[in-house]
């Protein structure tokens, strides 16, 4: 750092420490939000991917069925493949810990077989080091319900010999900890919530004797994967699929890509709004020292030297602020990781991330973005300081030139037309909808430009009024400067995003409430205690389901089953329910296929001769399926042709699902287990006493009344969007702070005027009021433009983005009370920030003149 | 009786005294020029006289009322009704037109609309800018801006007009026009004038000339 930079940059920062701290806080907050979302996201998705990959790590080839269970009896026919390497049959299930119902993945492995698999050494379940000691192995084989736990879980105090109480499927279990899975150096740490059992014990515990989920192979040294794969394909029975393990990981990543992308976009918005704040901070800082730049220029300092000085200051603040943001981001990540994990859980399946580590790459990216944001924000003021002639800089009344708001408004209007045109007009493949994001970006830009053009409208109350304070306050808005424009644009973006997301979330909520109001018609819903989210593996045995259905108060019981399946190479779900009961008592909402219950009756009447299927809207969009189309449905041992009878509105998961009538499902899959049972009670039977009786008789089942289930769905829904609300609030906070910052800049620019007004007899209160009213004029423009922008964004989110990314059709509805409350909150927050800024501005004149007077 | 009095006024910035032991009596309708080299404290003294800054010693009395003890609100009221100020750099409000700048003090005083309009018309004609009444400050020349500033300072009929280098930023012709205006209008309104200037010729419009050096008034100056 040069002599001049030390004196000009460092001293200025120390002298204007308040402004420097605000800038550091803005950078730090932006970087922290960005980083925390990325870290929490990474932790939750890594956890999910580890579950997805499971013990697939270390294997070279994986075999599984496209639909239904893999029969263990197939294994002898695959024995010839052991010539190329070892074989590992696997079964997976879920365990819910008693009390918290925290989800664990149960993995069953053939521990005896593994013992002789690789050079006579037992291979640990994740392809890692052997489990500790032969005692553990002996216990695992001898003791039913014995499990190996991860070292991460052991660190919480669980030791061999301890017990884990909880639920597997529909029964309470007590698992005995037999040993601790060792960690292998240079390998990712094992997922905390992983329990390993011996294969037969796991099959028994899961109630799936003779079944597997997949078989994995590992190559012997010298063997070639192509040979193994070729031989495997030759021996492969129909309905089975081969895939390299990385495909599984890739599929997991692809599955969560939209979710991760959405969160990243949200965190970038906080940073983008923060960039406006930074621009204002640097603009004010540069403007305050205009005489300094002018003097330097007059003394012969080059314009590029001044550019370097200003940008150097920005880089210094960017670096310090980003480092501050790293710490804050890590702390925020710890707070948000559970919320993100919960959402991943609800949407995709198991994720149990509890903490987020500070990741080198993510940290470097966050620091880089913070630094870049500062340099970009400082560029225009720096250029102006460097390029403006010294005489002009020294001119006391030479404030910033007014904006040409007419062309800005026209440009904004054009962007507002282009945005929706992109979003609605460009066809895009399913998944991440780039065109919609681009459309939203254009709309955001258009909205912020229109906000600038709207400013003169808000000068109107000051026109022709005899209230001199109002006239003085609002008159500058007739010819707004860049500072007015930036403050209004920042607020517009923040308000627009918050409104857009708010309207979308409330449209979503209303749609879901209507959906569950129509779909959930039964009196009671019964499911295993640990069941939660689309990816749950807890199932009820046929006996338990029958016992529940046999209760004397029950009139009808609709047994629902849901299995993961692969359709056209992509993961989805296959469900089955009783179409007869649904047609008579249910209220499914059909998006296509005719009025309810026509398609359901067609399925029931078609039976096995003309089998039909309902597909969810998400499924229909992702696979491009229409009513009347015949699909080749993978079933155990091959495929069956099914006709699509209807498209079902379903907001349960984003992978989509196919629904078969239960008799057809039973005939093809032979799987009598159920995920849940909907009970319709006899007339006159009160739900609560029946629920209490069922809970008493079946302690491993959760029995919820219709009302309780609806309440739970609503709660989960709101939890899922909690993070979104937090990000919106941060964005708004940053924008309102920017407004305050903007007002101090405006006051600085008007300091000559403030001085004149004081000399003319204006009181501090008059000046404070004038500056506050000016700020409120900008707030009003930002609020009005932001609301309009938000409604357009909401339409894009509801009409294009949600159907495209998640496959969900939402019904657009404007929550007026929310918008009213939100506007009032924004105006209130603005007032709180503007008041001290205006007060500060009202004191400007005297100090300034006193300094110069001597 | 003196309308404005300074008694033993002193001002310091940090430990340095920039003004010491200043005494001044300004009679109603009297015009006084304050001459001195740059940095001698003329503007600081003017700011003290206008109640824009507070002395560290001594007293300033406007119509016998001490300014140094007045509350900020009272000071603002006095500036609004009894004092007028003209700056070297005009300091017109850039977002108000010429006539709006001129009427601003009257609106601050809460004059009735009819009276404001009459006074505005009178003053804008008096400073010869009737044809430029609707112009923005940025559209006015330096001389025109200072004429508006003079009219604005005199709009409410102050007892004392404080002018800080009113011609310092103007060419000779414009400067002379502004000086003639100042002399004529203060004469007509009976306002006292204290004018800080470098220019001996500008000082000729005044009844009395005071000279300052190193923060002190030179004795015997007139």
Wholly within the stretch B:66-137, helices (runs of 4 or more DSSP H) carrying at least 3 residues that are surrounded by fewer than 19 Cβ atoms within 10 Å (Cβ to Cβ) and away from every other protein chain (no Cβ under 12 Å): B:113-126
Boolean, residue A:384 is modelled with pLDDT under 85, away from chain B (no Cβ under 14 Å), within 42 Å of the chain's Cα centre (by Cα) and part of a helix (DSSP H, G or I): yes
Flag if residue A:518 is crowded, with 19+ Cβ neighbours inside 10 Å and more than 14 Å from chain B (Cβ to nearest Cβ): no
Total residues in the stretch A:66-97, condition surrounded by fewer than 17 Cβ atoms within 10 Å (Cβ to Cβ) and over 28 Å from residue A:666 (Cβ atoms): 5
Meets criteria (in contact with a helix residue (DSSP H, G or I) (Cβ under 8 Å, 6 or more places away or on another chain), at pLDDT 85 or above and assigned by TED's automatic domain parsing to the domain that holds residue A:747) for residue A:433: no
Test result for residue B:208, more than 30 Å from residue B:17 (Cβ to Cβ) and at pLDDT 90 or above: no
Filter result for residue B:148 (away from chain A (no Cβ under 14 Å), under 26 Å from residue B:107 (Cα atoms) and surrounded by 16 or more Cβ atoms within 10 Å (Cβ to Cβ)): no
Any hit, the stretch A:478-492, residues being within 14 Å of chain B (Cβ to nearest Cβ), in a helix (DSSP H, G or I) and in contact (Cβ under 8 Å) with a residue 24 or more places away in the chain: yes
Residue in the stretch A:159-180 that is assigned by TED's automatic domain parsing to the domain that holds residue A:66, touching a helix residue (DSSP H, G or I) at 6+ places or on another chain (Cβ under 6 Å), surrounded by fewer than 18 Cβ atoms within 10 Å (Cβ to Cβ) and at pLDDT 85 or above present: no
Any strands (runs of 3 or more DSSP E) falling wholly within the stretch A:603-691 and containing at least 2 residues that are touching a helix residue (DSSP H, G or I) at 6+ places or on another chain (Cβ under 7 Å) and more than 21 Å from residue A:571 (Cα to Cα): A:676-681
Which numbered condition residue A:466 fails, given (1) away from every other protein chain (no Cβ under 14 Å); (2) over 24 Å from the mean Cα position of the chain (by Cα); (3) farther than 17 Å from residue A:402 by Cβ; (4) modelled with pLDDT under 85: (1)
Residue check for residue A:840: farther than 19 Å from residue A:745 by Cβ and either touching a helix residue (DSSP H, G or I) at 6+ places or on another chain (Cβ under 7 Å) or at pLDDT 85 or above (or both): no
Flag if residue A:455 is within 14 Å of another protein chain (Cβ to nearest Cβ), modelled with pLDDT of 90 or more, surrounded by 18 or more Cβ atoms within 10 Å (Cβ to Cβ) and assigned to a helix (DSSP H, G or I): yes
Residues (more than 24 Å from the chain's Cα centre (by Cα), under 14 Å from residue A:801 (Cα atoms) and at pLDDT 90 or above) located in the stretch A:406-430: A:421
Selection status of residue B:162, within 22 Å of residue B:50 (Cβ to Cβ), within 20 Å of the chain's Cα centre (by Cα) and part of a helix (DSSP H, G or I): no
Residue in the stretch B:42-63 that is nearest to the other protein chains (Cβ to nearest Cβ), counting only those that are within 22 Å of residue B:109 (Cβ to Cβ) and touching a residue at least 40 places away in the same chain (Cβ under 8 Å): B:50
Filter result for residue A:750 (surrounded by 24 or more Cβ atoms within 10 Å (Cβ to Cβ), touching a helix residue (DSSP H, G or I) at 6+ places or on another chain (Cβ under 9 Å) and within 12 Å of another protein chain (Cβ to nearest Cβ)): yes
Residues being touching a helix residue (DSSP H, G or I) at 6+ places or on another chain (Cβ under 9 Å) and over 30 Å from residue B:16 (Cα atoms) - total across the stretch B:181-222: 14
Residue within the stretch B:166-180 that is closer than 30 Å to residue B:12 by Cα, surrounded by 21 or more Cβ atoms within 10 Å (Cβ to Cβ), within 14 Å of another protein chain (Cβ to nearest Cβ) and touching a strand residue (DSSP E or B) at 6+ places or on another chain (Cβ under 8 Å) present: yes
Yes/no for residue A:768 being within 14 Å of chain B (Cβ to nearest Cβ), free of Cβ contacts under 8 Å to residues at least 40 places away in the same chain and surrounded by fewer than 24 Cβ atoms within 10 Å (Cβ to Cβ): no
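The values are calculated or read from the model by the stated rules, or taken from the named source; none is laboratory data. Keep in mind it's a predicted model, so treat the numbers as computed, not measured. All Cβ positions, glycine included, derive from the backbone under ideal geometry; neighbour counts span all protein chains shown.
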